[in-house]
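Please see the structure below; I have some questions.
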Amino acid sequence: MPPANTVFPAKTVDPCDFVVFGGTGDLAVRKLLPALYLRDRDGQLPPETRVIGASRAGLDTEGYRDKVRGELARFVPNDQLDAQTCDRFLRRLEYVSVDLADPDTWTGLTECLAGREELIRVFYLACAPGLFGPICENLQLHGLASARSRAVLEKPIGHDLASARAVNDAVGAVFDESQIFRIDHYLGKESVQNLLVTRFANTFLEPLWNSTSVDHVQINVAESLGVGSRGGYYESAGALRDMLQNHLLQLLCLVAMEPPTYVDRETVRDEKLKVLQALKPMSPDDVERCTVAGQYGPGLAEGVAVPGYRDEVENPHSRTETFIAVKAEIQNWRWAGVPFYLRTGKRMDRRCSEIVVQFKPVPHPMFPGSEGHSEPNRLVIQLQPHEGMRLHMTAKEPGPGGIRLRPVSLDLNYIETFKRPSPDAYERLLMDVVRGNPTLFMRRDEVEAAWEWVEQILVGWNRSERLPRRYPAGTNGPTDATTLIERDGRIWHEGVPA
Ligand code: BG6
């Protein structure tokens, strides 16, 4: 058996033309190009592969290469930036100027792709969702979408169920569902994939993974940053659409789904869909009782005074929520009666994302007269900033005389165990797109089922006209969120800060 720190060589993927619509935008320069560079560095990109940036920035290829050189220096860790790979990667880059919605400006892209029809084409739509339909129409109009093409859609897919359906229809009119990759970068995180492996490549958890043994589950995704420069987008999204509809519900699916017969492109997605369909519907009364929206005001971030959300987005009347807590239930045999508490927010007191599976307390105290105390077992799957897993249990503190109970934990720290940092989620997902493997991407029916449930919350909020509760930046969200869980005799698990 190879030791845990063995590095398996990355497998080269087929050659492709990787077109990034929005090639000069924030997502492209912060995430996509660094991820492709790092895969190139690992030898995964064959010599023929090209990366084509398409945008309205009006650059030429040389200008684009210069820009990307600067951006790689900002967004790739120093120890992974070497001149030789950098030069090789930059030589793969082409730039075409195009107004994505205007068919008369597509000649540059058509010429750039000409003569390479036999290659895989990836069209990455790293742009506003309103452009997804027009881009796909133009790809069809100019004969660029082939049977070997794939379209990658960034979230948000729509802003409600009807608009999500419209986007899916527009993209589906050009691409077959098997060619559409709806990305949720949380599914590319190593610790999230490890959740599947932990559940299904081990036997000890499965008998306990149900309402008989589990008291409740928490999914906490706390961010310490505010909205920064993304205020324009965020104002129309809010935490419910930006995080809960996709990332948090996807995590909930992976925790709650039934074991598929084997893991492949459709089986996992079939099981996730069943979870979404089993979410207990939310009436307006349920929304009132089981959800809390919050918005950060001015406060302190790491000891420094920061403005509130309304100042950041320059809208003194903004009602957009930057925080949401929800108590959800899954109506099926395995999970009936087990609450799933979901919570996410910006400008919280720490950056920490964790899934907490809290088991029931022991049925009978077996150590009368003992000192110390026993706490219910808790499995904490740490997604970030530290990737790992922690099983909280009770042990006897060593020493003569009576028995002293002490909560202790069994820890799996990814970096210590595997002796290397985990790749960024996009690295894995982009290579899966080229390979044509959609297992870790959201299928149309999943996205729409998630919207169907989330829309009930939107409707409830609109009906009640309740404003988001204010919380000072740098805290754990509004007190109503604390009440939401404490009412049930439970508390939020606050993870270990970065
Ligand atoms: C994005 C959201 O999808 O996820 C952002 O649009 C959020 O608002 C980000 O900050 C969080 O991702 P991560 O990987 O940093 O947890």
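The values are calculated or read from the model by the stated rules, or taken from the named source; none is laboratory data. In this text, all values refer to a predicted model and were calculated from it rather than measured experimentally. Note that we place each Cβ from the backbone using ideal geometry, even for glycine, and neighbour counts take in every protein chain shown. Please note that ligands, DNA and RNA were not included when accessible areas were found on the heavy atoms of the full protein model with its side chains. Shrake-Rupley method; radii C 1.70, N 1.55, O 1.52, S 1.80 Å.
So which of Glu118, Glu111 is assigned to a helix (DSSP H, G or I) and either acidic (Asp, Glu) or in contact (Cβ under 8 Å) with a residue 40 or more places away in the chain (or both)?
It is Glu111.
Just name the residue that is nearest to the ligand (Cβ to nearest atom) out of those in the stretch 341-358 that are more than 18 Å from the chain's Cα centre (by Cα) and closer than 20 Å to Leu205 by Cβ.
Ranking the candidates gives Val357 first.
Quick one: count up the residues across the stretch 134-152 that are under 24 Å from the mean Cα position of the chain (by Cα) and open to solvent by less than 10 Å² (accessible area, probe 1.4 Å).
Final tally of qualifying residues: 2.
Check Lys272 against each of (1) modelled with pLDDT of 95 or more; (2) under 20 Å from Leu429 (Cβ atoms); (3) exposed (fewer than 15 other Cβ atoms within 10 Å of the Cβ) and name the one condition it does not meet.
Result: Lys272 passes all but (3).
Could you count how many residues in the stretch 153-178 are open to solvent by 30 Å² or more (accessible area, probe 1.4 Å) and touching a residue at least 40 places away in the same chain (Cβ under 8 Å)?
Residues that pass the stated criteria total 7.
Something else about it: Being open to solvent by 10 Å² or more (accessible area, probe 1.4 Å) and either without any contact (Cβ under 8 Å) to a residue 60 or more places away in the chain or over 17 Å from Leu430 (Cα atoms) (or both) is the filter here, so list the residues in the stretch 180-198 that pass it.
Across the stretch 180-198, the qualifying residues are Asn194, Leu196, Val197, Thr198.
Tally the residues that are open to solvent by less than 20 Å² (accessible area, probe 1.4 Å) and under 16 Å from Leu249 (Cβ atoms), restricting the search to the stretch 322-337. Reasoning before the result, please.
Step one: filter the stretch 322-337 for residues open to solvent by less than 20 Å² (accessible area, probe 1.4 Å), giving 322-326, 328, 330, 335.
When the remaining residues are screened for being under 16 Å from Leu249 (Cβ atoms), the result is 324-326, 328, 330, 335.
Residues in the stretch 322-337 being open to solvent by less than 20 Å² (accessible area, probe 1.4 Å) and under 16 Å from Leu249 (Cβ atoms): 6 in total.
If Arg91 passes every condition in (1) open to solvent by less than 50 Å² (accessible area, probe 1.4 Å); (2) more than 29 Å from the chain's Cα centre (by Cα) but one, which one does it miss?
(1)
In the stretch 224-280, what count of residues is obtained for those that are assigned to a helix (DSSP H, G or I), of a type in the set (A, V, I, L, M, F, W, C) and within 27 Å of Ala128 (Cα to Cα)?
The number of residues fulfilling the criteria is 12.
Can you find even one residue in the stretch 415-436 that is open to solvent by 50 Å² or more (accessible area, probe 1.4 Å), farther than 30 Å from Arg165 by Cβ, hydrophobic (A, V, I, L, M, F, W, C) and not in a strand (DSSP E or B)?
yes
Please go through (1) farther than 21 Å from Ala164 by Cβ; (2) away from the ligand (no atom under 16 Å from the Cβ) for Lys272 and return the number of the only condition it doesn't satisfy.
(1)
Here's something else I'd like to know. Going residue by residue through the stretch 204-215, is there one that turns out to be within 15 Å of the ligand (Cβ to nearest atom) and closer than 23 Å to Lys327 by Cα?
Restricting attention to the stretch 204-215, the residues satisfying the condition of being within 15 Å of the ligand (Cβ to nearest atom) are none.
Scanning the stretch 204-215, I find no residue that is within 15 Å of the ligand (Cβ to nearest atom) and closer than 23 Å to Lys327 by Cα, so the answer is no.
Among the residues of the stretch 94-105, are any closer than 20 Å to Leu45 by Cβ and touching a Lys or Arg at 6+ places or on another chain (Cβ under 7 Å)?
Scanning the stretch 94-105, I find at least one residue that is closer than 20 Å to Leu45 by Cβ and touching a Lys or Arg at 6+ places or on another chain (Cβ under 7 Å), so the answer is yes.
With respect to Glu235, is the statement that it is within 16 Å of the ligand (Cβ to nearest atom) and among the charged types (D, E, K, R) true? Walk me through how you get there before you give the answer.
Values: within 16 Å of the ligand (Cβ to nearest atom): yes; among the charged types (D, E, K, R): yes.
Yes: the conditions hold for Glu235.
Could you pull out the residue among Ile120, Ile157 that is more than 20 Å from the chain's Cα centre (by Cα) and not small (Gly, Ala, Ser)?
Just a single option satisfies the conditions, and that option is Ile120.
With respect to Ser318, is the statement that it is touching a Lys or Arg at 6+ places or on another chain (Cβ under 6 Å), open to solvent by less than 20 Å² (accessible area, probe 1.4 Å), under 20 Å from Gln245 (Cβ atoms) and not hydrophobic (A, V, I, L, M, F, W, C) true?
Considered against the rule, which asks whether it is touching a Lys or Arg at 6+ places or on another chain (Cβ under 6 Å), open to solvent by less than 20 Å² (accessible area, probe 1.4 Å), under 20 Å from Gln245 (Cβ atoms) and not hydrophobic (A, V, I, L, M, F, W, C), Ser318 comes out as yes.
Restricting to the stretch 245-262, give me the number of residues that are surrounded by 15 or more Cβ atoms within 10 Å (Cβ to Cβ) and either modelled with pLDDT under 95 or within 16 Å of the ligand (Cβ to nearest atom) (or both). First the steps, then the outcome.
Within the stretch 245-262, the subset surrounded by 15 or more Cβ atoms within 10 Å (Cβ to Cβ) is 245-257, 260.
Narrowing the set further to residues that are either modelled with pLDDT under 95 or within 16 Å of the ligand (Cβ to nearest atom) (or both) leaves 245-252, 254, 260.
Number satisfying all stated conditions: 10.
Scan His386, His364 and give me the residue that is outside any strand (DSSP E or B) and within 16 Å of the ligand (Cβ to nearest atom).
Of the residues listed, the single one that is outside any strand (DSSP E or B) and within 16 Å of the ligand (Cβ to nearest atom) is His386.
Do the conditions hold for Glu223, that is, is it within 12 Å of the ligand (Cβ to nearest atom) and among the acidic types (Asp, Glu)?
Numbers: within 12 Å of the ligand (Cβ to nearest atom): yes; among the acidic types (Asp, Glu): yes.
Taking the combined requirement at face value, the residue satisfies it.
Is it the case, given these coordinates, that Ala305 is within 25 Å of the chain's Cα centre (by Cα) and either modelled with pLDDT of 95 or more or over 26 Å from Val197 (Cα atoms) (or both)?
The answer is no for Ala305.
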